[in-house]
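J.: Just passing along the structure, written as structure tokens.
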Amino acid sequence: MSTFFLCLVLATMSFITDLPGAQAQETDIFQHPNTELAGIKKSLEQQIGAGRGNINTPDFSLYIINRDPFRSIRRGRNLFQRKFTISQGMGPRNGDGFGDISADNSLGAGLADSCAACHGRPRSSAGFGGDVFTRPDSRDAPHLSGLGIIEMLADEITQDLRQTRDQAIAKAKGGRVSVEVSLKSKGISYGKIRVNPDGSVDPSRLEGVDADLRVRPFFHHGGTISIREFVVGALNGEMGMEAFDPDLAKAAGGEKVVTPSGMVLNGKTDTIEAPPASSESDDPDRDGVANEIPVSVVDHLEFYLLNYFKPAIGRETRDSQRGQKLFQDIECTRCHIQNLVIERDRRVADVETSYDEKKGIFNDLFAVATPLFQEVRGSGAPSVKKPNGKRFVVKNMYADFKRHDLGSTYWERNFDGSLTKEFMTEPLWGVGSTAPYGHDGRSIDLWSAIMRHGGEAKNSRNRFARLSEEQQGQVIDFLQTLVLFPPDDTASNLNPGDSQAPNFPQYGHGNINLPVLFNNPRDLE
């Protein structure tokens, strides 16, 4: 690999831009000048740039995403970590925290001043750590590692299920007969539907998905389709920052839109969440600040989270390997499916991170970055860079993209007195780092979380309970190998680090980071 190409790949994964590493939350060096130049190297106005624009004019978000996608990822990362201010539109909470919380549970969500306030652990990651009062027993904020993979898998499953349904409708109407079909995608069964001769569909035998066959992978109960909706909703609900997003506005109005990250939002087939502001001049919270989150900011945040890397595999032992086999034997993998396949990957790079005693010089982890893009010839300079869009095997995810009823111990109270009984299968990657557990954070450790299972998982829970104490420990040892990691402190093929560097480990620990390619550190994102 050439030095130039290696730098491009490295820049792809450059979510961290300080030298040394960034913190979970950051301000910029114009707000807080300091000798170390620690903090974000651009002001918010510089990060916003000239707006969305087009792919041919510098400083537009579309130009950066298409021609310098690595810079967009870096910018999205720093926007994610940025601590916003009141003068920039942060706050008040939705309705200033007053109103009918049964009708709008976001009233209990805020107030945070950055995305990293809820998603900031481990350090410098898009991790976990927040807790919100959107339900009587609270909701824990999950980590966001692999979020783009989750969006892509859910969308592909949706398309598969709907294609099967549409073919059955055509067959039933054409033959004037009832047709019953099983709905499957990626080896996952979603039950059956019966299509009547008039084309109407009986969804009563569906499993784990709504009648519209849309898999909604975000939030524990399965409530949101896309990263873009998640970003715009969280900025409003948790931070009081209102975006006018033309993509969501058009899709919510019934149009079909392709976002800059390649996600198709079709208002004719799905209900899309409208943005909180109706125009760039709209100020719904009446704080005197309009256009608090310009569309270019949403573009970069969406692209960053699409490309955000997967969790790691930590140190494995004989006990953890036996535990993985036991995990399969007691049939936990009926819902927690280990590997799934994306047919068309929209990311521009992938990172595999695992235990390496020799190369993992600080935290015993080593990351290997692989490019997933191609340059479009004749597209100008810098060239347009497009995702390869190839098939990708997602390993060690442990999820099935379905809702399940895990019994009364997992049921969730709502403010109107009702109960939510079904929840999406939580991907297990990263589970070794994210205690406490459950959508409500009420299970203090992995053993407690497993034993809390009932309902559809009761048989597997009972098999686990019948294991010896040693075998139960091996299962937990296996789960603890599925870890999150701090990118600043993780050596990689892009920056292996140097354990002999002065002041190690504050310096020289390696990272998944951009090398100093610029003469002026202020040119960094």
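J.: Please indicate, with yes or no, whether at least one residue in the stretch 57-67 is touching an Asp or Glu at 6+ places or on another chain (Cβ under 7 Å) and over 20 Å from Val232 (Cα atoms).
T.: no
J.: Among (1) crowded, with 22+ Cβ neighbours inside 10 Å; (2) over 14 Å from Gly199 (Cα atoms), where does Ala172 come up short?
T.: Failing condition for Ala172: (2).
J.: Report, by residue number, each residue of the stretch 83-131 that is open to solvent by 20 Å² or more (accessible area, probe 1.4 Å), of a type in the set (A, V, I, L, M, F, W, C) and either under 11 Å from Glu238 (Cβ atoms) or touching a helix residue (DSSP H, G or I) at 6+ places or on another chain (Cβ under 7 Å) (or both).
T.: Hits for the stretch 83-131 are Met90, Ile101, Leu111, Cys115, Ala117, Cys118.
J.: Next question. Just one of the numbered conditions (1) of a type outside the set (Ser, Thr, Tyr); (2) open to solvent by 50 Å² or more (accessible area, probe 1.4 Å); (3) in contact (Cβ under 8 Å) with a residue 60 or more places away in the chain; (4) in a strand (DSSP E or B) is not true of Asn459; which one?
T.: Against the list (1) of a type outside the set (Ser, Thr, Tyr); (2) open to solvent by 50 Å² or more (accessible area, probe 1.4 Å); (3) in contact (Cβ under 8 Å) with a residue 60 or more places away in the chain; (4) in a strand (DSSP E or B), Asn459 comes up short only on (4).
J.: Can you work out which of the residues in the stretch 374-433 that are basic (Lys, Arg) and open to solvent by 30 Å² or more (accessible area, probe 1.4 Å) is nearest to Pro260 (Cα to Cα)? Write out each step before concluding.
T.: Within the stretch 374-433, the first condition is being basic (Lys, Arg), and the residues that meet it are 377, 385-386, 390-391, 395, 402-403, 413, 421.
The next check asks that each one be open to solvent by 30 Å² or more (accessible area, probe 1.4 Å); those that pass are 377, 386, 390-391, 395, 403, 413, 421.
On the way: Arg377: 20, Lys386: 11, Lys390: 18, Arg391: 20, Lys395: 26, Arg403: 29, Arg413: 37, Lys421: 36 Å.
This residue is Lys386.
J.: So the check is Cβ under 8 Å with 6+ separation or different chains; which pairs have a first residue in the stretch 462-476 that's open to solvent by less than 50 Å² (accessible area, probe 1.4 Å) and a second one that's basic (Lys, Arg)?
T.: Correct list of pairs: Gln474/Arg322.
J.: When the stretch 248-275 is examined, which residues are found to be open to solvent by less than 40 Å² (accessible area, probe 1.4 Å), in contact (Cβ under 8 Å) with a residue 24 or more places away in the chain and of a type outside the set (Gly, Ala, Ser)?
T.: Leu248, Thr259, Pro260, Met263, Leu265, Asp270, Ile272, Pro275 - these are the residues of the stretch 248-275 that are open to solvent by less than 40 Å² (accessible area, probe 1.4 Å), in contact (Cβ under 8 Å) with a residue 24 or more places away in the chain and of a type outside the set (Gly, Ala, Ser).
J.: Search the stretch 404-417 for residues that are free of Cβ contacts under 8 Å to residues at least 12 places away in the same chain and pair each with any residue that is part of a strand (DSSP E or B) when their beta-carbon atoms are under 7 Å apart and the residues are at least 6 apart or on different chains.
T.: Short answer, once both residue conditions are applied: Trp411/Leu419; Trp411/Thr420.
J.: Still on this structure: Could you say which residue among Gln324, Gln338 is assigned to a loop (DSSP other than H, G, I, E, B) and in contact with a Phe, Trp or Tyr (Cβ under 8 Å, 6 or more places away or on another chain)?
T.: Details: Gln324 fails: assigned to a loop (DSSP other than H, G, I, E, B).
So the residue among Gln324, Gln338 that is assigned to a loop (DSSP other than H, G, I, E, B) and in contact with a Phe, Trp or Tyr (Cβ under 8 Å, 6 or more places away or on another chain) is Gln338.
J.: Would a scan of the stretch 97-111 turn up a residue that is at pLDDT 85 or above, touching a strand residue (DSSP E or B) at 6+ places or on another chain (Cβ under 8 Å) and not hydroxyl-bearing (Ser, Thr, Tyr)?
T.: Within the stretch 97-111 (the criterion being at pLDDT 85 or above, touching a strand residue (DSSP E or B) at 6+ places or on another chain (Cβ under 8 Å) and not hydroxyl-bearing (Ser, Thr, Tyr)), the answer is no, since none of the residues qualifies.
J.: Go through the residues of the stretch 361-380 one by one and say whether even a single one is within 25 Å of Asp489 (Cβ to Cβ) and in contact with a Phe, Trp or Tyr (Cβ under 6 Å, 6 or more places away or on another chain).
T.: The first filter runs over the stretch 361-380 and keeps only residues within 25 Å of Asp489 (Cβ to Cβ), leaving 361-372.
Restricting the remaining residues to those that are in contact with a Phe, Trp or Tyr (Cβ under 6 Å, 6 or more places away or on another chain) gives 364-365.
Yes: one or more hits.
J.: Could you tell me whether Asn493 is at pLDDT 85 or above and under 23 Å from Val351 (Cβ atoms)? Walk me through it before giving the result.
T.: On the way: at pLDDT 85 or above: yes; under 23 Å from Val351 (Cβ atoms): yes.
Taking the combined requirement at face value, the residue satisfies it.
The values are calculated or read from the model by the stated rules, or taken from the named source; none is laboratory data. These figures come from a predicted structure and were not determined experimentally. Virtual Cβ from ideal backbone geometry, glycine too; neighbours counted across all protein chains shown. Areas reflect the complete protein model, heavy atoms only, side chains present, ligands, DNA and RNA absent. Shrake-Rupley method; radii C 1.70, N 1.55, O 1.52, S 1.80 Å.
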